[in-house]
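Student: Okay, here's the structure, questions in a sec.
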Amino acid sequence: MSMSASELQHYLFAPHPEEEEATANASFGFWIYLMSDCILFASLFATFVTLSRSYAGGPTSQEIIHLGHTLEETLVLLCSSVTCGFAMLAMYRRQLRRVLGWLAVTFVLGLTFISLELQEFLSLVAAGHGPTHSGFLSAFFTLVATHGTHVTVGLLWMLVMMAQIAVKGLSEPVQSRLIRFSMFWHFLDIVWVGVFTVVYLNGVL
Amino acid sequence: MLETDLIGRLRLSSIPYQSGIVMGATAFMILVIVIVLGSITWYRKWGYLYREWLTTLDHKKIGIMYVIVALVMLLRGFADAVMMRSQQALAFGSARGYLPPQHYDQIFSSHGTIMILFMAMPFLTGLMNVAVPLQIGARDVAFPFMNALSLWLTAISAMLIMISLPIGDFSRAGWSGYPPLSELRYSPTVGVDYWIWALELTGIGSLMTGINFLTTILRMRAPGMTLMRMPMFVWTTACTNILMILAFPVLTIALALLALDRYLGTHFFTAGMGGNLMLYVNLFWMWGHPEVYIVILPAFGVYSEIVPTFAGKPLFGYTSMVYATCAITLISFTVWLHHFFTMGAGPDVNAIFGLATMIIGIPTGVKIFNWLFTMFRGRIVFPTPMLWTLGFIITFTIGGASGVMLALPPANYVLHNSLFVIAHFHNVLIPGTLFGMFAGYTYWFPKALGFRLDERWGVRAFWAWLLGFYFAFMPLYVLGFMGMPRRMEHYTNPAWRPWLEIAAFGVLLILAGIGCQVTQLLVSIRDRAKNIDASGDPWDGRTLEWTVSSPAPVYNFARIPHVHTRDAFSHQKEKGLVHHRPDGFHDIKIPRNTPLAFAVGMLAFGFGFGMVWHIWWLAAITFLLTLVCLIVRGSSDDVEDIVSGAEVERIEKARYRELSAIGADDQSRYAHHQPAHV
């Protein structure tokens, strides 16, 4: 070994102190979680497709789907993704109040989506077409409600983030969490595209 | 069905007073708990326990706790095995044995559930925790808090299984829980609910482990450690994690849908009203098959560490090992139907899955040959880890061969649900997974705890296990060919009897093996001063974990190493650079201890118990408090402590003094090392 002492140090040891990669690692790990959530939804989609004709003498998909309502839900949710995007742009520009404003709009849109979905569920249950009445209905309610539950968790997360921003400002950890939140919110939008295609559009054919 | 009682459907009569066996087991459990808690109190260790173990986020300690869970559950699962073997040896003709069918069914269900999910999974996760961050030159895993969460979710899920013994009953529907038997109508008791919630909660833990370790491996390797320079155990861990991430969500859904059927009256898997029983089978095995590869790949990784170390040569065919591992990972998602060839998919579909199943045997064969070629022309030594490995290579191959037989749909029609299947999967799980876990346990024990396990008792344990395995399971192949079905608590065919008696003898040998292992642990702890691993490198190792002290300091590495080849420590040994002193030390951030992970674990136990017994207020409150804990954690920014550079220097200098005193930095003693120069 004909290295000088300092060359040997560089050869054997990484430079110190080491780089901080917490935000990047958190985003990477969260992306992997989203991929696992994809599989979760894929299983529910597979279940739904398998049971999509198991009416057991109850209502068919054509009888329970009202595409106008689905369109309302879709527009609301897609808009909420756009407003979430605006919130993130404001975050990168360090415009704290604008972040809070766009997050509030996103929250209201998300809440509207949930209330529209609840309306749909309640009217189905009131008509005697709840999830316990056939395999098809069990699968329909579970797939759509799992997505809705994810959205609800997102709403709660949004409230927590708005509180954090108000109290701590746009610190590095807060930004890191906002990035992960926005990944989650956009992911839910993509899943919804799958839901309205496979369940609603396919269901009226 | 909705109770409004304060205690749901829990009653005094939920305790199975009438079963002497259950009451005896409960008394034993209570005795053990009293002894453990009493000892902690007597030696005034509650503060120590809380500070150092219950609140830790350190992967090294989390790994140790995982292995403790695994070893305890091994004893419980083995007790089930002894009961099954003794029952089958006794219950012939007019003799009914001592286990009525309703009890026997719970025993085989808990045996399978425990061994796969509460013995194998925690064991391999524990080894991953102990070894992987050190092997890649990292300070910790990517998400230390999530790591602790995973541990506690697994531990409390095991507790849910254990508490089903004195309070209520367990599932009678096997470890696979097929409907309609697992539906409310045919399993109205709490047993299946315990099974569902324990698996759901531990499944969340496993999913989080998968995310954690994959991120750690892909993003936190030491500089210079390319993927093709990683130790093979890290490769198998990475692939195992990919399987965990992609498979566990399917189990989560399968069990959630079953729970919806049981709790809300939906019709996913009911016999009627649009339910589809085959849907459950497909969902369960779409998880179930990757799961068995999840439990075998880490064992293969352990063997890939042990063979080069004890043959003194680099792993033969590293590149093909990597490709084989990746091939196994991919193909494992394409074979699930072979668990139900007889369910009626038809010959064309069966043929496809039969072919895929046979193909997946090939990469495993590649691995066996690579281990053999690694040993060829090596200078082999035979400490206990190497014995387990040799026992594996020979015995596992038989199990693999019987798997290829089962992969043929026509053969499967004859052998499905017979003892041949039981023989096959125990023939791959025990020599494969379990011996690998024992080998890894012995191999990394000094690194984790600072002293070696007693070698003599290890050798005795190995021989007892190996012989016991052959006596216990080879007869089952014969019985399978003779047509004996699985899961029978009584039989009348006299031709089967001698084989079952041989199998019972085998299980006694294995019991002796376990006795040797318990003794080994006690003797090793008693003699730990004599067996101290002073250098940190008890096996003349080849990888980075052996460069640090045993146990490793809390920060793992004072300076992150720069890696230049595969077998990074062998490379240092070859170049005469072992234990080279760094020119400076710096402050190191470490995760701060927190009680929140343990708290969430306890809350999860309350949630599971509440859901099982329909104590809705308990389930609601524990769920909400869990959310609170997670929100508190997710809003905390100041979560790290600092080990000062001066403190690091003090610790390292003490180590260097020790190394000099024992001559461990005498470079000439390592000159024989040859890494793979890649």
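Student: Which residue pairs have Cβ atoms closer than 9 Å, lie 6 or more positions apart in sequence or on different chains, and pair a first residue in the stretch A:37-55 that is facing chain B (nearest Cβ under 7 Å) and within 20 Å of A:W185 (Cβ to Cβ) with a second residue that is open to solvent by 10 Å² or more (accessible area, probe 1.4 Å) and hydroxyl-bearing (S, T, Y)?
Tutor: A:L40/A:T146; A:L40/B:T252; A:L44/A:T142; A:L44/A:T146
Student: Another question, if that's okay. Go through the residues of the stretch B:449-458 one by one and say whether even a single one is out of contact with any helix residue (DSSP H, G or I) (no Cβ under 9 Å at 6 or more places or on another chain), not in a helix (DSSP H, G or I) and not aliphatic (A, V, I, L, M).
Tutor: yes
Student: So which of A:V193, A:V105, A:V198, A:V144 is in a helix (DSSP H, G or I), away from every other protein chain (no Cβ under 13 Å) and either aromatic (F, W, Y) or crowded, with 18+ Cβ neighbours inside 10 Å (or both)?
Tutor: Matching residue, one of A:V193, A:V105, A:V198, A:V144: A:V144.
Student: All but one of (1) among the β-branched types (V, I, T); (2) within 11 Å of chain A (Cβ to nearest Cβ); (3) over 18 Å from the mean Cα position of the chain (by Cα) hold for B:I242; state the number of the condition that does not hold.
Tutor: The one condition B:I242 does not meet is (3).
Student: Here is a further query. What do you reckon, is B:R581 touching a strand residue (DSSP E or B) at 6+ places or on another chain (Cβ under 8 Å) and either surrounded by fewer than 18 Cβ atoms within 10 Å (Cβ to Cβ) or within 25 Å of B:E649 (Cβ to Cβ) (or both)?
Tutor: In short, no.
Student: Sticking with this one: Within the stretch B:285-326, which residues are farther than 18 Å from B:I116 by Cα, part of a helix (DSSP H, G or I) and open to solvent by 30 Å² or more (accessible area, probe 1.4 Å)?
Tutor: B:T319, B:S320, B:Y323, B:C326 - these are the residues of the stretch B:285-326 that are farther than 18 Å from B:I116 by Cα, part of a helix (DSSP H, G or I) and open to solvent by 30 Å² or more (accessible area, probe 1.4 Å).
Student: Just for the stretch B:22-63: of the residues that are assigned by TED's automatic domain parsing to the domain that holds B:Q102 and open to solvent by less than 30 Å² (accessible area, probe 1.4 Å), which one is nearest to the chain's Cα centre (by Cα)?
Tutor: The extreme case among them is B:G63.
Results for (1) part of a helix (DSSP H, G or I); (2) aliphatic (A, V, I, L, M); (3) in contact with a strand residue (DSSP E or B) (Cβ under 6 Å, 6 or more places away or on another chain); (4) away from every other protein chain (no Cβ under 14 Å), shown as yes or no for each residue.
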site: B:R559; (1), (2), (3), (4): no, no, yes, no
site: B:V600; (1), (2), (3), (4): yes, yes, no, yes
site: B:L630; (1), (2), (3), (4): yes, yes, no, no
site: B:A646; (1), (2), (3), (4): yes, yes, no, yes
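Student: Hey, could you check the stretch A:56-73 for residues that are in a helix (DSSP H, G or I) and open to solvent by 60 Å² or more (accessible area, probe 1.4 Å) and say which is nearest to the other protein chains (Cβ to nearest Cβ)?
Tutor: So in the stretch A:56-73, the residues in a helix (DSSP H, G or I) come out as A:61-64, A:67-73.
Then drop every residue that is not open to solvent by 60 Å² or more (accessible area, probe 1.4 Å), which leaves A:62-63, A:67, A:71-72.
Details: A:Q62: 16, A:E63: 15, A:L67: 24, A:L71: 28, A:E72: 27 Å.
Filtering first and then ranking leaves A:E63.
Student: Under the condition of being assigned to a loop (DSSP other than H, G, I, E, B) and either within 19 Å of A:F41 (Cβ to Cβ) or in contact (Cβ under 8 Å) with a residue 12 or more places away in the chain (or both), which residue from the stretch A:128-141 is farthest from the other protein chains (Cβ to nearest Cβ)?
Tutor: Restricting to residues being assigned to a loop (DSSP other than H, G, I, E, B) and either within 19 Å of A:F41 (Cβ to Cβ) or in contact (Cβ under 8 Å) with a residue 12 or more places away in the chain (or both), the top hit is A:H129.
Student: Of all residues in the stretch B:184-219, how many are within 12 Å of another protein chain (Cβ to nearest Cβ), without any contact (Cβ under 8 Å) to a residue 60 or more places away in the chain and among the hydroxyl-bearing types (S, T, Y)?
Tutor: 0
Student: Name the residue, out of A:L116, A:L77, A:L96, that is aliphatic (A, V, I, L, M), at pLDDT 95 or above and open to solvent by 40 Å² or more (accessible area, probe 1.4 Å). Even if it seems obvious, please write down each step before you answer.
Tutor: Numbers: A:L116 fails: open to solvent by 40 Å² or more (accessible area, probe 1.4 Å); A:L77 fails: open to solvent by 40 Å² or more (accessible area, probe 1.4 Å).
Among A:L116, A:L77, A:L96, only A:L96 is aliphatic (A, V, I, L, M), at pLDDT 95 or above and open to solvent by 40 Å² or more (accessible area, probe 1.4 Å).
Student: Test of understanding: among B:L57, B:L49, B:L127, which residue is assigned to a loop (DSSP other than H, G, I, E, B), touching a helix residue (DSSP H, G or I) at 6+ places or on another chain (Cβ under 9 Å) and under 30 Å from B:I642 (Cβ atoms)?
Tutor: Checking each option against the conditions leaves just B:L57.
Student: Within the stretch A:7-28, take every residue that is over 42 Å from the mean Cα position of the chain (by Cα) and open to solvent by 70 Å² or more (accessible area, probe 1.4 Å) and give me the one that is nearest to the other protein chains (Cβ to nearest Cβ).
Tutor: Looking at residues that are over 42 Å from the mean Cα position of the chain (by Cα) and open to solvent by 70 Å² or more (accessible area, probe 1.4 Å), I get A:H10.
Student: Can I ask one more? Would you confirm, using the coordinates I've provided, whether B:D665 is surrounded by 15 or more Cβ atoms within 10 Å (Cβ to Cβ) and either of a type outside the set (G, A, S) or assigned to a helix (DSSP H, G or I) (or both)? First the steps, then the outcome.
Tutor: Numbers: surrounded by 15 or more Cβ atoms within 10 Å (Cβ to Cβ): yes; either of a type outside the set (G, A, S) or assigned to a helix (DSSP H, G or I) (or both): yes.
In short, yes.
The values are calculated or read from the model by the stated rules, or taken from the named source; none is laboratory data. Please read these numbers as outputs of a predicted model, since none were measured by experiment. Here the Cβ is made from the backbone with ideal geometry for all residues, glycine too, and neighbour counts use every protein chain on show. Just so you know, the surface numbers come from the protein's heavy atoms only, side chains and all, with ligands and any DNA or RNA stripped out. Shrake-Rupley method; radii C 1.70, N 1.55, O 1.52, S 1.80 Å.
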